[in-house]
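Have a look at the structure below, then the notes.
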Amino acid sequence: MAEVRGFDESKVDDAGLNESIKKLTPEKIQRVVQRVFNKESAARLQVYLNTCVHCGLCAEACHTYVSRDHDPRFAPVSKVRDTIWELIKNKGKVEPEKIKDMARIAFTECGACRRCSMYCPFGIDIAYLILVMRRICNLLGVVPKYLQDTTNSHAATMNQMWVHQDEWIDTLQWQEEEAQFEMPNVRIPLDKEGADVMYSVIAPEPKILAQLLGNMAQIMTVAGIDWTMPATDGWDNSNMAMYSGDFEVMGRVEKLHWETAARLKVKKVVMGECGHAFRGAVYDGPRWLGWQYPPIPMVHAIEFYYDLLKSGRIKVKEKYKEHVTVQDPCNTVRGRGLGHKLRYVIDQLCENFTDIDPRFEHNYCCGAGGGTINCGPPWKPTRMRSTRVKAEQFERTGAGVIITPCHNCHSGIEDIVGHYGLGMHVKFINEIMVDVMEKPEDMG
Amino acid sequence: MADADKVNWQTGKQEIIDINSLTNQFKRVDEYAVSPDGDKIAVLGQAEDDTFTAIVNGEKWPESFELAWYLRFTPHGHLICLARIDDMWTLVVDGKPWENRFEFIWNPQFAKNSPAIALAYKSEFEYGVVVDDKPWENRFQAMRDFTLSPDGKHTAATVQVEPLGEADVFKFFEGVWSVAVDGKAWDSKYINTWRPIFSPDNSSVAAEIRTDIADYSLSVDSRDWSQKYGCVWEPVFSPDGSKVVAPVRHEGAWRMAANGELIWKTRFSQLWKPQFAPGGKKLAAIGSVEFGRWTIVIDDRPWGQTFRDMVLEPVFSPDGNRAAAVVKDENRWTICADGKTWHQDFDMVWDPVFTADSARVLAKVEKDGKYHLAADGSLKMGGFDKFWDPVVEPDGNNLLLRYIEDGKYIREVKKVSDLLG
Ligand code: SF4
Ligand code: SF4
Ligand code: SF4
């Protein structure tokens with residue numbers, strides 16, 4: 001399979017790391033490290049670090065390590081040793097150049113997928129430790145440029161892709177018109193107070209994949225769901241600030257999202273096919289804000305489709321014929337246990353399915369998660385080096401289509417398919433469902 | 001509601017119109033709106049020729065539009081919608097479009113003490129605010145949260161005052177955002193500004209600001225508080241305008257601050273939505289005293305009961321002595337008034353409404369797909385298909401109810417004592 005030759009990770013030109021460290025002083029580094037260790041993360045951090053017995057059982061779990069021919073530098077525990085651990089040992093006394101290495105490891109060599117924790121006899125959450133490292137990097141201003149830009153977009157616009165407020169509404173209106181060509185009575189109800197469901201999405205949908213919104217409008221209409229989408233900020237449920245370590249911005253974005261759902265008086269929020277957004281909106285965001293649970297029930301698209309099919313609200317006219325396989329997104333399958341529902345949905349929609357192996361919570365991460373794909377073009381070769389095991393996994397299925405109910409997985413796997421020449425297509429469930437569902441006569 | 005004195009408070013039940021007679025005229029109807037005085041009901045619909053217009057009590061607006069949405073009555077009783085005419089957008093008020101046309105308009109806001117209407121607009125790919133058909137002369141590359149002063153004469157918004165190249169993270173952290181008042185930006189620039197708000201006398205604007213990666217504060221008329229915090233939330237002015245109050249994150253906990261000084265002793269794990277009682281006698285907020293448990297805090301004293309899921313903005317009684325809020329626990333919605341939770345819970349609850357004498361708490365509630373009026377915890381009337389918030393006669397004993405029942409829109413005025421006993 002394809003190799004990434006002549007690429008030296010330590011020499012990647014990313015101003016977010018290379019330029020920012022020029023402004024650092026050892027004193028500032030120490031101050032920030034002390035703040036995070038002593039005021040923000042003390043107890044949990046110490047427990048994890050004291051418990052690890054360096055047995056290395058977690059290593060085989062990590063796609064980065066396995067894909068790189070078991071290079072010990074990429075074992076989960078090494079990533080912690082070379083970052084957080086070193087800072088603790090030195091009480092934060094390190095040179096700026098060292099912070100750059102640590103940032104590279106934390107942001108680009110770990111996708112916070114938590115696969116390794118499952119294989120650790122003590123359940124040590126390596127991803128958490130890596131996120132603590134990222135928090136330090138964030139407070140030092142040392143974050144890969146493109147990931148930082150995404151966070152800046154969240155801070156300024158409350159969405160991930162600098163979408164202006166008018167563009168959001170305009171996109172929904174033209175998607176409604178597009179969908180009406182398929183089904184004349186489709187609506188995208190905007191800002192409808194008292195609807196049962198608020199549908200929320202991540203910004204790449206209006207920005208570059210608007211047809212997914214039109215598809216969902218058709219699905220909602222056929223299923224007879226009383227739904228709405230907000231006409232003000234708060235519609236974006238994604239959260240890259242969670243992964244860049246900017247918890248204040250993460251909290252602000254999630255606060256607005258939940259306040260918007262409360263303002264619209266909806267009984268639940270259904271979110272589109274995204275993994276990290278689910279984690280942000282259901283776990284990390286609410287907890288930073290002081291909620292133990294999301295304040296209003298949130299249902300991921302996988303569960304929503306499952307309910308629609310199971311209850312017969314959506315019926316299948318003719319199953320999808322292509323040979324398909326699936327990506328189990330870490331944040332909804334490992335994180336939420338939706339693997340069985342995902343397979344039920346695929347079985348209902350598709351004729352010819354070959355499962356992935358390993359699967360469910362044991363599935364390998366696609367390598368795009370945890371903000372790694374948002375680190376942008378300079379780091380794509382790194383991602384490709386770290387995902388060979390993923391490419392091999394897909395290739396073994398012999399399928400032509402990979403179903404990916406997650407935006408990050410979707411983009412990451414498209415890169416993998418291209419890079420490793422797999423000749424496969426990547427699809428959201430939404431795209432298949434809209435093709436195969438029964439559309440009642442009177443709906444056009 | 002504004003102009004409450006113009007409302008007909010004569011008790012009695014009146015069928016205004018059969019809804020079918022409105023909806024039959026369209027191939028599709030999507031929005032219903034009811035006037036604050038209850039006299040009118042309007043729908044927005046798409047006609048057979050695919051144009052959109054509104055029908056008010058059976059009367060069609062004279063003009064129709066390529067596209068229209070957001071049909072609402074303003075608090076002053078005007079019916080508005082956003083409409084597209086010849087590919088440009090404008091606001092239609094009582095059937096009459098504004099003179100100006102825009103590439104886009106959205107997010108109508110209404111003034112508290114005047115009939116003014118403001119919107120965000122876009123022209124030539126730049127952004128501004130338009131009030132009563134008068135657009136800001138200055139426009140900006142980007143604009144978010146805007147707000148209208150209580151008298152409707154001034155507007156403020158968060159605006160981008162410098163160009164920002166693609167993924168220029170360094171420039172972003174130099175600060176390219178500010179607050180513009182009536183289209184004129186403050187001199188100072190910030191990494192971010194959010195949620196500007198006017199003082200009650202319309203003369204001052206306060207906003208949240210971000211001055212470094214994790215340094216937040218408040219600014220009033222471009223004069224920043226000298227203190228920095230780990231985070232801040234939405235400020236409010238005291239009714240006399242002398243204080244700006246905001247929740248701030250200080251040493252890992254949320255505290256209440258006024259004019260830059262901490263004023264409450266309690267350290268909360270969360271604190272937001274400060275609200276002054278009428279007259280400014282009391283200050284309430286939503287607070288979390290321990291992680292995952294929420295309640296209302298008044299003058300630094302949390303109510304005894306706490307809730308797991310959610311607590312919404314506190315509402316004060318007219319005399320300022322009582323407060324109530326929508327609360328949600330284990331996915332059941334209800335109301336908590338003065339720290340005592342109603343026994344009944346509901347599928348959904350709207351904001352509490354106090355009677356004029358501050359004695360009773362009312363709310364629109366939903367149960368099994370039907371809407372009801374609840375008072376002090378029990379259902380008083382209902383089973384409606386649609387129901388709008390009850391309106392209390394100011395300084396009076398009557399209540400205006402607006403609902404749809406058996407396909408008819410009904411306006412009913414009832415004596416509070418008859419209804420609630
Ligand atoms: S990428 Fe996943 S498996 Fe590898 S270290 Fe990070 S969390 Fe663990
Ligand atoms: S498996 Fe657990 S204990 Fe062993 S090295 Fe990995 S993190 Fe440490
Ligand atoms: S991108 Fe997909 S596979 Fe990767 S971490 Fe996110 S959910 Fe997991």
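The values are calculated or read from the model by the stated rules, or taken from the named source; none is laboratory data. What you see is a predicted model; the values in this text were computed from it and never measured. For neighbour counting, all protein chains shown are included, and Cβ atoms are generated from backbone atoms with ideal geometry for every residue, glycine included. In case anyone asks, the SASA skips ligands and DNA or RNA and just uses the protein heavy atoms, side chains included. Shrake-Rupley method; radii C 1.70, N 1.55, O 1.52, S 1.80 Å.
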Zero-based 10 Å bins, Cα pair distances in segment A:30-78, whole percents: 24, 32, 32, 12
Förster-model FRET efficiency, 45 Å R0, B:K96 and B:D357, C-beta, rounded to 0.05: 0.65
9 Å beta-carbon shell around A:R187, net charge (K/R +1, D/E -1): -1
Whole-percent carbon and sulfur share, accessible surface of segment B:261-416, 1.4 Å: 45 percent
Hz values of 3J(HN,Hα) by residue in segment B:328-336 - Karplus curve (6.51, -1.76, 1.60), Gly and Pro given as x: 9, 9, 6, 6, 10, 9, 7, 10, 10
Solvent-accessible area buried by B and A, counting both chains, probe 1.4 angstrom, square angstrom: 5100 Å²
Per-selection Rg to Rh, the protein assembly as shown - Cα, Kirkwood hydrodynamic radius: 0.97
Kirkwood Rh and Cα Rg combined as Rg over Rh, evaluated for segment A:257-365: 1.02
In segment A:275-336, trypsin sites (Lys or Arg not before Pro) in a DSSP loop with at most 11 other beta-carbon atoms within 10 Å: A:K317
Average accessible surface area per residue within the protein assembly as shown, 1.4 Å rolling probe, Å²: 37 Å²
Segment B:62-155 shape via C-alpha gyration tensor axes, a/c threshold 1.5: oblate
Where only alpha carbons of chain B are counted, the Rg and the Dmax (Å): 23.1, 66
Cα-projected label distance for B:S222 with B:K27, points at 7 Å along beta-carbon direction, nm: 5.4 nm
Cα-projected label distance for A:H54 with A:E193, points at 7 Å along beta-carbon direction, nm: 6.3 nm
For chain A, size of Cβ-based charge dipole, Lys and Arg +1, Asp and Glu -1, in debye: 1920 debye
Computed E for A:D435/B:D50 - FRET, C-beta separation, R0 41 angstrom, nearest 0.05: 0.95
Carbon/sulfur fraction of accessible area - segment A:189-295, other protein chains in place, 1.4 Å, %: 53 percent
Two-decimal Rg to Rh for segment B:1-138 - Kirkwood Rh, Cα set: 1.00
Whole-angstrom Cα spans of segment A:1-148 along principal axes, big to small: 41, 39, 22
Kyte-Doolittle mean at least 0.0 and Cα axial length at least 20 Å: DSSP H helices in chain A: A:126-140
Segment B:377-421, relative contact order [Cα under 8 Å, separation at least 6], %: 32 percent
Within the accessible area of segment A:1-146 (1.4 Å probe), percent carbon and sulfur: 51 percent
Simple label model, 7 Å out from Cα along Cβ direction - B:Q344 to A:H70, nm: 6.9 nm
Segment A:145-214, relative contact order in percent, only Cα pairs under 8 angstrom and at least six apart counted: 34 percent
Candidate aspartates and glutamates - alpha carbon under 18 Å from B:K60, same-chain residues fewer than 8 apart omitted: B:D18, B:D30, B:E31, B:D39, B:E48, B:D49, B:D50, B:D94
Links that overshoot a 23 Å alpha carbon limit, given the list B:K243/B:K364; B:K13/B:K112; A:K255/A:K380; B:K282/B:K364; B:K27/B:K408: B:K243/B:K364; B:K13/B:K112; A:K255/A:K380; B:K282/B:K364
Value of relative contact order over segment B:171-224, rounded to a whole percent, pairs C-alpha under 8 Å and six or more apart: 27 percent
